[in-house]
Structure formats: C-alpha cells, structure tokens
Amino acid sequence: MSTSTNPLAHLFEGADDVVAEIERRGAAGADHPADAREEITPYHPKVLDLTVAEVVEETVTTKTFRVRRTDGRPLPPFLAGQYISLHVRVGDVLTSRAFSISSSPAALDHYDLTVRRLRGGRVSNHLIDTVKPGDRLTSGGPIGTFYHDPLFHGDDVVFLAGGSGVAPAMSMIRDIVDHGLSRRMTLLYGSRRADDIIFHDELDAVAREHRDITVHHVISDPGPDWTGEVGPLDAALISRLAGPLAGRMTYLCGPPGKYAYLVRQLESLGHPRRRIRLEANSVALPPPADPRWPAELDPEEQVTVTVRGRGSLRVPRGRPLLDALEDNGLRPEASCRSGECALCRVRVCSGEVFHAEEARLRASDRQFGFAHCCVAYPLTDLEIDF
Amino acid sequence: MSVDYDVIVIGAGNAGLSAAATLQRGGKRTLLVERHNVPGGAATSFVRGRFEFEVSLHQLGGMGGPGPLREILDEMDVTRRLRLIQDDELYRTVVPGVLDVTLPADWQGAVDVLDSHYPGNRAALTRFLEIVRDVGLWQLTARANLHRLKEQVEWLSGLSDVRRYGLRTYREVLDEFFTDERLKFVLSSYWSYNGQLPSRMSFMDMARLLALFIETKPYQIVGGSQALSSAMLESFLEAGGEVRFNTSVEKIVTRGGRAVGVRVDGGETVSCRLVVSNAPSSTTYTRLLDPADVPSGVLRDLGSRRMGPSATALYLGLDAPAAELGFATATNFLTTDLDERTVARGMRSLEPAPFLLASCYDVRPTGFAPPGASQVNLVTIQYADPWEAVPVRDYQQAKSAYAASLLDLLKAIAPGVRDVIEEAEIATPLTFKRYLSQPGGAIYGFDQDAMDSWLFHEDDLKPNVPGLVLVSNWVTAGGYNSTIVTAARLCRRLLAVL
Ligand SMILES: Cc1cc2nc3c(=O)[nH]c(=O)nc-3n(C[C@H](O)[C@H](O)[C@H](O)COP(=O)(O)OP(=O)(O)OC[C@H]3O[C@@H](n4cnc5c(N)ncnc54)[C@H](O)[C@@H]3O)c2cc1C
Ligand code: FES
C-alpha cells in the first residue's frame, strides 16, 4: 500500500480495491481548475478602467457621462437598476461615489452615469464642472440589489422616482424596450420644475411608442405653462396615476428624505411593505438630526480615531468614519456608501460608534464589534482595524 | 534568526480560525491573514432588507453532550460566547406523492418512526442502526486518537462490523438490510451533507454523519455561523493574536525548500516559523508554492483526487411565520423521485432542480427574521461545470430560471412561499468561487468517496513541505465539526513540537 495509507486501513475489507482505484486515478491524473479568483473576474472585475467618451447636458443641473472601457473591451453585464462606485479625486482627497447606470443593459460598449448637482456636494459638482471627454476614471464593477427579480417581482411594476433617481428607472425602461420584455412599467417621476426633468423627450417618446410603458411627470414648482400633474406625490395622486397597486412591485429612488413619507403613502393605500423596494442611495438623517443620537454628545466635538498600524486622526463626532479616513488619505474599500453593501466593514477594537438608521448590520456585528464605516460615527475615542 | 511571528495562518475560515485560536492560546505568536473583511469563510451571513441570511450552516453537529466540537470550543473559550438552540427533529424527508417522514434525533425513536411507516423492518432497522452507530462512533473516536496507534489497531481488530462494512458504499449496505426503496431513501437523506450520493458515499462517512447528529444532536446558533466565527476570532484576539483582513497571501515564501513566511498583496513579506494554510490544497501546493518545492508524491496525490461539488442556494426572506408556511421542522429534504440517477443528473445540469434541502431558521427563531417573518434557505448540490458553461451574458437568466425550479419543488411542503417573498438572493457555484476562493466553488473540498477517506491520505495532515501544514475541508471531511475539530487537534499536537 502507498506510504500515505494509515495502518488501520489494512484492517478493512475492501481496502486493497480502494488503494487500486486511487492508483488508477493517480495515473490518469486530473487537472485541477485554475485559481478561483481568475475564473471569476469576467463576471465580477474588481476595478474597471474607464474613459469618458461623451458628456451630455441633460438639464441645467444634470449631465450624463458616457464611459467606455479604456481597453475597448465590452463592459461587464449588469442588471438594470444596479450601480457602479466611481473613484474620484477631489483636490487632495481620493473618494468614491455610487452612481446608478442609466443606460441599457443591452449595450455593453458603454455605461451612462447621470449626475445631478447636489447643493454643497463635493463630488457631483466636481464631476459636472471638470470632467470632459477623454478623461480617465476608475470604478468598481456593477453591484447592487435594486433590480427587477423575475422570481417574485411580477411583470407589472410601478416606479416612483425623484430627481436623479430616474437613472435606474431609465435603465429599466430601456431594458424592457431593448430586450422586448413582457413587463409593464408605470413611472411616476417627480421634479421641481419642468426644465429639471431628466430624459424628458426620451421618456415621452418611449411612452408614446410602447403600450407597456407609462410615464407621468409630477412637478412640485410649476410654471405658468405647465399643464401636467402637480405634486405633492401623495397617496391620492399615486392612486389616481398608477391605478390599483395590488400585486405590483413598487420601486422608490430619489432624495433620501422622501422615502419614509412615500412608504407611508403607499402603505396607506394597503400596499404591503414587502412590495416596496428602495434604493438606499444616501443617509436620510445624519446626526445630530437622528433622534437616537445621544443628546449630551456634541457632534462638532473632536475625538481621536486610531487606525491599527497606520496612526491617529482627530475627527468630529458628526463626520462619517469613511469620509474622515479618506480626508486623511486612508481608503477602506467602499461601494454603496449608504450602509448596505458591507464592503466598508471595519473592526472596532475599542470605543463606541453610532450607526445611521440605514446600516445593514448583522446580529453578530454588534456583539463582536464590526462597523460599516460609511454610516458609522465615532461617539468616543476609537481604535479600528481594517 | 528572528522572525516576525511564530505562525502565520492563511485564511480565516472555520479551520483557519480554529488553528489560529489554538496556536495563539497555546502561546505561539500568530498572525491570521484573510482576504475578506470578515472572519468565517463559508461560516458567515449577509443582510438584505429586514433579513439576515445564513450562508452555509444548516445543522451544527458535535455540540451536544461530550461532542467533539463542544470539547474543542470549550477548550478554545468560545462556547460561552454563543447561544445555541437544539433542533427538535433530525430531519423531514419528502418525495411528493411517495413519502413524507420526520425522524427524531434519537436511535430508538428513529427505529419506531421508520417501523411505523414501513412495518416489518424493526429487527433489520435495529441491527442496521446499531452498525451505523458503531461505525460512526468508531470513526469519530479513532480520528481523535491516531497518535495512539497500537491501541487503535487493537481496538479496531475487535470491531468486526466496522471492518466489514466501513469501506463499502452506503447503498450496498442498505441493500443488504432492506428491500423497501422508500425506507432506504429516508435513511439516505444526509447524503447532501457529504456531497456524494449513497451509491458513491462510503458507509463509514454516512455512519459518521448520522452518529454525529443523533448522538450529539443538531443545533442552530443565535446569530448564525457568523456568531461562531466571530467568537473564534474574539478568543484568538483576546489571547493576543493579530489579524489582517482585506489581505491576500500571494505566495508562500520558501528558503531551501522550507516555508519561512508569506508574501501578501502589495509585496510585503512576513516571516514565521510555521505557515498554516486554510486555502485549498491545490491552491496551496500549485499556486501559493512553487510546485518545484512540493514533493512529487504530493502532486501525484492531488492528481488522483476529484474536485468536489459546490451548491446552488436560494436565500429567502418571507413575510409570514414559519408555521403558517408549512415549516414544522428546521431541516427538510425534498426530492422529485426515488431514483438516485435523477439527482445525479441534476448535479451536472441546469435542468429543473430534482433535489433541495430547505432549512427554516425560524421553527425556533435564530434571530435572522423580524417577528412574524421567516428566513429559509433552499440548497441543492451541484458541480460548477454546468454553470461555467453558461455564457456570461445569460448568467442572470439562468440563475432566475433555476431558482424558480427550486420554488416549484418547494411547493410540496410550503405551497404559499412564492406569494410572501420579501427578499431573495441566489448563490451559484460561481458565487461560492468568488466569495470563498475555492476552485470549482467546492463546499466540501475534494469529492468525498471512499478513495478520499483519511485512512488512505495520512499525508494530508503532514508537513509535506517543511514548515507548512494545511487545515481545511480539503484535508479532512467537510463540515463545521470536522474542519474545526481536525484543525484544533492538529495544532494542539504541533504545540508540543514547535
Ligand atoms: C452553501 C453551503 C452549505 C453548507 N452546509 C453545511 C452544513 O449544513 N453543515 C456543515 O457542517 N457544513 C456545511 N457546509 C460546509 C462548511 O461550510 C465547510 O466545510 C467549512 O466551512 C469549510 O471550512 P474551511 O475553513 O475549510 O474553508 P473556507 O470556509 O472556505 O475558508 C477558507 C478561507 O481562506 C481564505 N483564503 C483562501 N485563500 C486565501 C489567500 N491566499 N489569502 C488569504 N485568505 C485566503 C478565504 O477567503 C476563506 O475565508 C456548507 C457550505 C456551503 C457553502
Ligand atoms: S460602502 Fe457599502 S456599506 Fe459602507
């Protein structure tokens, strides 16, 4: 018997047959697959090297950046509604932001990212003001759970979008049209003024040409020429425009402050919470606005955050840890920046953090001290590790 | 010669954590390096909406009474950090229109239930389960005492049933005792915990599984397997161990044929006296090491082994209580028909799933679903090849179609599930490849037939390359009990010689 056989084996009936079979297999020699990591890259590349091909001015406040893979290869497939995390340098700081892909999953020679100016927003303004065709960018691969799942979403859906929240809706509509899907979609799209409506012409054209696509614009600040619907988008208006909701999956994407209100409106119409899906695209209530924030702790006051093996920084309590780390040149992995994807997970070795409502932590994370640093705020001096 | 650490452990899966905690607590300065940002490997969970999802743990064996895992986790100071829930039943097995049997986790109880469903088999059942118990307990005990070989040889020499039946296939032994295919089928339910169908799995391995779960009872963990892996990490850190997450080992550094450290991504080299690899055997010997440093016998042995199966899983968050949906048992095996070949075909194709294991974590809630809701995992055993053959562009569609077939099969025990889905996530062998870095997405290491038995692969646990040992389900049986216990025992022995 071979040297690797335990002496106990000899005592078993049939041991010789087993050894013979092992030897036969050894002689035939199986080749084991290559490294699992390499094999998976076409599906889930870690980094995409992108070049801006075109910049389209959608409205006064919004531009669409069409990006292609710098090496000309097709981009990885994605599901309409997913996003990529764009890595950007603003001044000295390297940071990232998530942008839903607004283009069609049928065309993989480009992704469109539709960016609206956010008042005071560092990255949106930077992109709109400085990025031009030919510029190079990098990003993570497509990611996110805000997409139509045929398993249980059904083929009659409603989408409530606000502002740039129309980006994933546009991708879903293009998906339906380009792939000839048998799915009905009703979009209720809220904008402040008529000239803020992104994709206005295309949406209206698609709605005219495709029976299954319905688009209603809802304006909150109508000018004298506006003849369409006027907000607020409340239960009554949703019900009048979308019709009965029973059984229809309802997607929400827009300014984070609106979600709680819209969910209440939908629920007041008898729509169950499980048929409502939100794209968590930022934090609704940063401290100290969150009522759970400990009143005695001043969010402006600084605490010391020590990163194992990489030094210490002084950080105001009210600043998300991820941003504070990036300000200081440290870059934990991150993608959604809204508490959901867990890529920014860090271990809290000592001290206490406050998590925004949006943090999708696991039960054991609280017990064993893991934090999602994009939505975690240092309440006390901290030591973290990542 | 000064080194950075006594030991470097590559990978924080069940086996890596167990090794690291054992060595650090034994006084060795240990660095644990993990590619992901979290400990556990397969022993982890993720969140969607209001639900947390268990990735891999269906039933934890080895925890009841003086179970092997219990002993190791006590010793590792981990048990006190966990809250465990004992399952009421062993499992429920259903073939729609053919059989529906729920077995208790009790030898006599199992005889009673099976005899009531299939009368006339009491004597054969009693004798059969006695052999199962003897063979199973022998294997569990023998593995713990291999260093006392002489004693073991003497003991085994007297166990004629163990010697006679141990290496035969489970199917052969069933055929010797029973004629009713339904009865044999119910007794074969745990095949998926090993990944080999009854006609390929050794009697010894099925006996080990049955004895483990009946003797030491099946358990769930509050907070799921992530609570267990985080608890092992905590014990390791409290003992002074160091961990680096988000760090991948690119190479094991050798000098004069001896492992002396690792090179991590970014190029840094860290030195040590001993490297413990929780990465798969083939990865460790042919990628992390230069094969020139690996004895040819080891490479030949790798060539004789076959890539084990992976799994396809549908994780479901359901907006209804478990009982209302039809889940009275945590562990449910569902198969379309009694013919093993049907399932064998399903493991290599994307035809509608012929088999699934439905685990409901809210028969006794583990805290993963909000009140009034429940979390259910549907898992089937599959090899990676049918999924690898799907063009990248069609992958999503293939996933959805396959998941729909799992839901169709589930209707037999829980017809209302489709109407109350709140969250659903699908993992295929490609997903397991991605998150676990396991070739073929293998969830139990190599194909575990008789040829894979530890009886014929002593070298698996030896330092074939000086300064390096392997711990993982590639060098011991798959599963929580086996990987954690084997790694801890191996490292205890190493403490004596390090
Ligand atoms: C869907 C599914 C269901 C299962 N069901 C059960 C069950 O019910 N009961 C049961 O007992 N078992 C079950 N298992 C099997 C069980 O989870 C495994 O056998 C066990 O967890 C394997 O542990 P491991 O330590 O060998 O491997 P892994 O858990 O895969 O750990 C390996 C670790 O090493 C890391 N790593 C690899 N290479 C490197 C590198 N170069 N550098 C740094 N890090 C690296 C990986 O990231 C990973 O964390 C299941 C598994 C799956 C996936
Ligand atoms: S970046 Fe996604 S959770 Fe923090």
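Quick look at the numbers
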quantity: Residue satisfying all of: in the range B:194-240; on the phi > 0 side of the Ramachandran plot and open to solvent by less than 10 Å² (accessible area, probe 1.4 Å); nearest to the other protein chains (Cβ to nearest Cβ) among these; calculated: B:Gly223
quantity: A:Ala356 vs. criteria under 28 Å from A:Arg277 (Cα atoms) and either surrounded by 21 or more Cβ atoms within 10 Å (Cβ to Cβ) or aromatic (Phe, Trp, Tyr) (or both); calculated: yes
quantity: Of all residues making up the range B:412-430, the number that are open to solvent by 30 Å² or more (accessible area, probe 1.4 Å) and within 9 Å of chain A (Cβ to nearest Cβ); calculated: 3
quantity: Of the criteria (1) at pLDDT 90 or above; (2) not in a loop (DSSP other than H, G, I, E, B); (3) not aromatic (Phe, Trp, Tyr), which one B:Arg434 fails; calculated: (1)
quantity: Considering residues of the range B:370-384 that are open to solvent by 20 Å² or more (accessible area, probe 1.4 Å) and in contact (Cβ under 8 Å) with a residue 24 or more places away in the chain only, the residue nearest to B:Thr312 (Cα to Cα); calculated: B:Pro370
quantity: In the range A:3-30, residue modelled with the lowest pLDDT [restricted to those that are more than 7 Å from chain B (Cβ to nearest Cβ) and open to solvent by 60 Å² or more (accessible area, probe 1.4 Å)]; calculated: A:Thr3
quantity: Those residues of the range A:288-332 which are at negative phi, in the same structural domain as A:Arg347 (by TED's automatic domain parsing) and of a type in the set (Gly, Ala, Ser), in sequence order; calculated: A:Ser312, A:Gly318, A:Ala324
quantity: So B:Ala259, is it within 16 Å of ligand 1 (Cβ to nearest atom) and either farther than 16 Å from B:Tyr5 by Cβ or facing chain A (nearest Cβ under 9 Å) (or both); calculated: no
quantity: Residues within the range A:297-333 that are closer than 28 Å to A:Thr145 by Cα and open to solvent by less than 20 Å² (accessible area, probe 1.4 Å), tallied; calculated: 6
quantity: Hey, B:Thr286 surrounded by 23 or more Cβ atoms within 10 Å (Cβ to Cβ) and within 14 Å of chain A (Cβ to nearest Cβ) or not; calculated: no
quantity: Yes/no for A:Ala53 being open to solvent by 40 Å² or more (accessible area, probe 1.4 Å) and at the interface with another protein chain (Cβ under 8 Å from one of its Cβ atoms); calculated: no
quantity: Matching residues, the range A:56-79, being assigned to a loop (DSSP other than H, G, I, E, B), farther than 13 Å from A:Ser164 by Cα, open to solvent by less than 60 Å² (accessible area, probe 1.4 Å) and more than 14 Å from chain B (Cβ to nearest Cβ); calculated: A:Thr70
quantity: Every residue from the range A:111-145 that is farther than 23 Å from A:Gly163 by Cβ and part of a loop (DSSP other than H, G, I, E, B); calculated: A:Lys132, A:Pro133, A:Gly134, A:Asp135, A:Gly140, A:Gly141
quantity: Residue within the range B:329-351 that is in contact with a His (Cβ under 7 Å, 6 or more places away or on another chain) and touching a residue at least 24 places away in the same chain (Cβ under 8 Å) present; calculated: yes
quantity: Residue within the range A:160-176 that is open to solvent by 10 Å² or more (accessible area, probe 1.4 Å), of a type outside the set (Val, Ile, Thr) and within 13 Å of chain B (Cβ to nearest Cβ) present; calculated: yes
quantity: Residue that is farthest from the other protein chains (Cβ to nearest Cβ) [pool: residues in the range B:241-256 that are away from ligand 1 (no atom under 12 Å from the Cβ) and assigned to a loop (DSSP other than H, G, I, E, B)]; calculated: B:Gly256
quantity: Criterion violated by B:Thr44 - all others in (1) among the polar types (S, T, N, Q); (2) more than 16 Å from ligand 2 (Cβ to nearest atom); (3) in contact with a strand residue (DSSP E or B) (Cβ under 9 Å, 6 or more places away or on another chain) satisfied; calculated: (2)
quantity: Selection status of B:Arg263, free of Cβ contacts under 8 Å to residues at least 40 places away in the same chain and surrounded by fewer than 18 Cβ atoms within 10 Å (Cβ to Cβ); calculated: yes
quantity: Matching residues, the range A:365-385, being surrounded by 20 or more Cβ atoms within 10 Å (Cβ to Cβ) and either within 15 Å of ligand 2 (Cβ to nearest atom) or among the hydroxyl-bearing types (Ser, Thr, Tyr) (or both); calculated: A:Asp365, A:Phe370, A:Ala371, A:His372, A:Cys373, A:Cys374, A:Val375, A:Ala376, A:Tyr377, A:Ile384
quantity: Residues of the range B:340-373 satisfying the condition of being under 16 Å from B:Asp87 (Cα atoms), not in a loop (DSSP other than H, G, I, E, B) and not hydrophobic (A, V, I, L, M, F, W, C); calculated: B:Ser359
quantity: B:Leu407 of a type outside the set (Phe, Trp, Tyr), facing another protein chain (nearest Cβ under 8 Å) and out of contact with any Cys (no Cβ under 6 Å at 6 or more places or on another chain); calculated: yes
quantity: Subset of the range A:31-43 (residues that are assigned to a loop (DSSP other than H, G, I, E, B), open to solvent by 50 Å² or more (accessible area, probe 1.4 Å), out of contact with any helix residue (DSSP H, G or I) (no Cβ under 6 Å at 6 or more places or on another chain) and at the interface with another protein chain (Cβ under 8 Å from one of its Cβ atoms)); calculated: A:Asp31
quantity: Residue in the range B:401-411 that is open to solvent by less than 10 Å² (accessible area, probe 1.4 Å) and assigned to a loop (DSSP other than H, G, I, E, B) present; calculated: no
quantity: Failed item in (1) away from chain A (no Cβ under 14 Å); (2) not in a helix (DSSP H, G or I); (3) not polar (S, T, N, Q), with B:Ala292 passing the rest; calculated: (2)
quantity: Residue match in the range A:340-350 (condition: away from ligand 2 (no atom under 15 Å from the Cβ), more than 14 Å from chain B (Cβ to nearest Cβ) and open to solvent by 40 Å² or more (accessible area, probe 1.4 Å)); calculated: no
quantity: Flag for B:Phe245 being aromatic (Phe, Trp, Tyr), assigned by TED's automatic domain parsing to the domain that holds B:Tyr285 and either within 16 Å of ligand 2 (Cβ to nearest atom) or surrounded by fewer than 22 Cβ atoms within 10 Å (Cβ to Cβ) (or both); calculated: yes
quantity: Any chance A:Pro105 is within 14 Å of chain B (Cβ to nearest Cβ), more than 16 Å from A:Asp135 (Cα to Cα) and at pLDDT below 95; calculated: no
quantity: Residue ID - nearest to B:Ala344 (Cα to Cα), chosen from residues in the range B:295-312 that are within 11 Å of chain A (Cβ to nearest Cβ) and either of a type in the set (A, V, I, L, M, F, W, C) or within 16 Å of ligand 2 (Cβ to nearest atom) (or both); calculated: B:Met307
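The values are calculated or read from the model by the stated rules, or taken from the named source; none is laboratory data. The shown structure was predicted, so the numbers you read here are calculated from the model rather than taken from an experiment. Cβ: placed from backbone, ideal geometry, glycine included. Neighbour counts: every protein chain shown. Heads up: the accessible areas ignore ligands, DNA and RNA and are worked out on the full protein's heavy atoms, side chains in. Shrake-Rupley method; radii C 1.70, N 1.55, O 1.52, S 1.80 Å.
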